[in-house]
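Take a look at the structure below.
Derivation of every value follows stated rules applied to the coordinates shown; laboratory data play no part. None of these values were measured; they are calculated from a predicted model. Here Cβ is always computed from backbone atoms with ideal geometry, including for glycine, and neighbour counts include all displayed protein chains.
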Amino acid sequence: MASELGLPARSDSHPMTIDRVGELGIVGAGGGGFPTAVKLGTRVPLVIANAAECEPLLHKDKELLHHLAEPFLRGMVQAMEMVGAQQGVIGIKGKYLDIIAALEQQLPRGVRIVPLPDAYPSGDEFILVHMVTGRVIPPGGLPKDVDALVANVETLMNIGLDQPVAHKYLTVAGAVANPITVRVPVGISIGEVIAAAGGATVDDFSVLLGGVMMAKPAAGLDVPVTKTTGGIVVLPSSHKLMERHQAKWPQIARIGRSACDQCRFCTEFCPRYLLGHPIEPHRAMQTLGFTGGADQMVMGTLYCCECNLCTMYACPEDLDPKSVCVQGKPVARERGLTFKGSPESVTPNPMAEFRRVPMKRLIARLGLTEFNNVGPLTDFEFSPSRVVLPLKQHAGVPAVPVVKTGDRVRAGDLLAQPEAGKLGARIHASIGGVARLTHDAVVIDAN
Ligand code: SF4
Ligand code: SF4
């Protein structure tokens, strides 16, 4: 497609197949990085495009649907064909009336739009599938258990573009001069991307990768963008969100043990609990005071999606039930504590739709109201002198390099691939130059 932003054209030289999706190194672009070719190896009647994008301040998927609807819709139809689906659904926030109206003019046969509430966490696969189909994925299950496949907008667009995945779209937000969405070479440093957004507006700043709710603090400005980086949020280092994301476990456990009053707010807001899953974060909090024998309380932690709503929004004491759930998961796995009920016994709480957290209220609670909540797609040309491509930027095993130090590579060349039979994804060069291997990455110094 020759887009108004001068974005890449589609190659017509290959028919789209599951093998081809694997060759292109396409992975879930929404965060998990699950290899898409593996995901497509199923037969389901429904493909759902996840355009819910519920992380505050991020706008990448909405911008792609606005500017790159053609390759996205092509990829959607190709994905439907590969899994044998007759139906496709685009789940997008109902407030984007202009984008929905434009998409409706182009919808392929069998594809419809389901408007979603402007609430967190609408983008969680389990919540999305329930809102679209009315069915509940069983605890520990997958969308295919209820006859659906869910894929992120950019993932489907990458299928439609039919090119090796060497670029990433992301929003730069928060304390930057010009919040934007941009297309960047995979492996570029986040510092260079922040500079493209006009730089930080405060001297002492820190960076969250992936959003603010399910984010990870970046270790520094040299950290490379990967195939799953959906957003870069710059915040003053003193912002309370930074403090919360950087809290250490001993402190979380000590304060949680003494300050939790068992009010249950964390549970009553938990989207997975409201879906009927056997998770009750307030019970996980009780385990902080036990030395063992709390199997039932630990078991539910396995079904926590780590959305962070309990910690960042629900708890009136500013405790961290999400981290307590994360700590409980390996214990539950080790003890083989899984849900033993029947899928039919999992029924949503009748209060679920009244407990959704509106985005505006969440932004206010997180202390983000001062930041400009926009992220227009901008045609910015990046020319990094170096990119660092980690060998593991996907679910599964790290890819094994097929190049060696000193090799000259061109943009789009294959750099690394997973061992035969192992779960993983191929890595391609995002710029031309000279390759150098490190223990966990291929570095390319530009020509
Ligand atoms: S909301 Fe906070 S104080 Fe209330 S039960 Fe949960 S962790 Fe404890
Ligand atoms: S992070 Fe908290 S609210 Fe989210 S699923 Fe886990 S327990 Fe529930």
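Using a 4.7 Å Cβ cut-off, which Cys residues in the chain lack a partner cysteine?
Result for the chain is CYS54, CYS260, CYS263, CYS270, CYS305, CYS307, CYS315, no neighbouring Cys Cβ within the cutoff.
Out of residues 5 or more away from ALA416 or on other chains, whose amide H comes under 5 Å of its own, with H placed 1.01 Å from N in the peptide plane?
VAL402, ILE427
Taking 0.36 nm per intervening residue step and subtracting the Cα-Cα distance, what contour gain separates GLU70 from LYS95 on full extension?
6.9 nm
Roughly how many nanometres apart are two label points built 7 Å out from the Cα toward the Cβ at ALA259 and LYS360?
My value for the distance between the label points is 3.0 nm.
Under the 0.36 nm per residue contour assumption, what length would be gained going from the current alpha-carbon distance of HIS439 and TRP249 to full extension? Provide the component values of the computation, followed by the final result.
Values: separation 190, 0.36 × 190 = 68.40 nm, distance 2.89 nm.
In short, 65.5 nm is gained.
What does the helix-only formula give at 222 nm for the chain: each DSSP H stretch with n ≥ 4 adding -39500 (n - 2.57), the total divided by the residues, and the result rounded to the nearest 500 deg cm²/dmol?
So the helix-based figure for the chain works out to -7500 deg cm²/dmol.
Per residue of the stretch 164-173, what does 6.51 cos²θ - 1.76 cosθ + 1.60 with θ = phi - 60° give for ³J(HN,Hα)? Whole Hz please, x for Gly and Pro, Karplus curve as stated.
The phi angles translate into x, 6, 10, 10, 9, 9, 7, 9, 9, 9 Hz.
What is the set of long-range amide H partners of ALA395 at a cut-off below 5 Å, with H atoms built 1.01 Å from backbone N?
Correct list: PHE34.
In nm, what is the difference between 0.36 nm times the number of residues separating GLN286 and VAL202 and their Cα-Cα distance?
In short, 26.2 nm is gained.
For the chain, what is the convex hull volume of the alpha-carbon atoms per residue, in Å³?
Working: hull volume 66.1 nm³, N = 447.
Taking the convex hull of the Cα positions in the chain, it is 148 Å³ per residue.
Just to check I understand the Karplus step: with θ = phi - 60° and J = 6.51 cos²θ - 1.76 cosθ + 1.60, what whole-Hz values come out for the stretch 381-396, glycine and proline as x?
After applying 6.51 cos²θ - 1.76 cosθ + 1.60, I find 8, 9, 10, x, 7, 8, 10, 10, 9, x, 6, 10, 10, 7, 6, x Hz.
Among the lysines, select those whose C-alpha is under 19 Å from the C-alpha of LYS93, and discard any that sit fewer than 8 residues away in the same chain.
Counting by Cα, and skipping residues close in sequence, LYS93 has these lysines nearby: LYS60, LYS62, LYS360.
Between the helical axis of 249-259 and the dominant principal axis of the chain, each derived from Cα atoms, what acute angle in degrees is found, rounded to the nearest 10?
The helix 249-259 is inclined about 30 degrees to the chain.
Peptides 241-250, 388-397, 269-278: what's the order by average Cβ count within 10 Å, highest mean first? Before the final figure, lay out each step's value.
Working: 241-250: 14.1, 388-397: 20.8, 269-278: 22.9.
The most tightly packed comes first, giving 269-278, 388-397, 241-250.
Evaluate E = 1/(1 + (r/R0)^6) for THR347 and ASN447, where r is the Cβ-Cβ distance and R0 equals 41 Å; express this FRET efficiency to the nearest 0.05.
0.10
State, to one decimal in nm, how far the label point of SER238 lies from the label point of LEU107, with both points 7 Å from Cα in the Cβ direction.
Rounded to a tenth, the inter-label distance reads 5.0 nm.
How do 430-442, 104-116 rank on mean C-beta neighbours within 10 Å, highest first?
Sorting 430-442, 104-116 by mean packing, highest first, produces 430-442, 104-116.
Each residue of the stretch 126-134 in turn: what ³J(HN,Hα) in whole Hz from Karplus with 6.51, -1.76, 1.60 and θ = phi - 60°, glycine and Pro shown as x?
Rounded to whole hertz, the list is 5, 5, 4, 4, 5, 5, 7, 10, x.
FRET efficiency for GLN87 and ARG408, Cβ-Cβ distance as r, R0 = 56 Å, nearest 0.05?
0.75
With the cut-off at 1.5 for a/c, could you classify the stretch 249-365 from its C-alpha gyration tensor as rounded, prolate or oblate?
Oblate.
Just to be sure I understand the model, the point goes 7 Å from the Cα along the line to the Cβ. What's the resulting GLU23 to THR378 distance in nm?
Here the answer is 3.7 nm between the modelled labels.
Give the cross-link partners of LYS392 among the lysines, using a straight C-alpha distance below 21 Å as the criterion and excluding same-chain residues fewer than 8 apart.
LYS39, LYS168, LYS216, LYS227, LYS404, LYS422
By count of other Cβ within 10 Å, fewest leading, how are THR36, THR267, THR405, THR133 ordered?
THR405, THR133, THR267, THR36
Could you list which residues have their amide H under 5 Å from that of VAL176, counting only those 5 or more apart in sequence or on another chain, with H placed in the peptide plane?
Here THR201 satisfy the definition.
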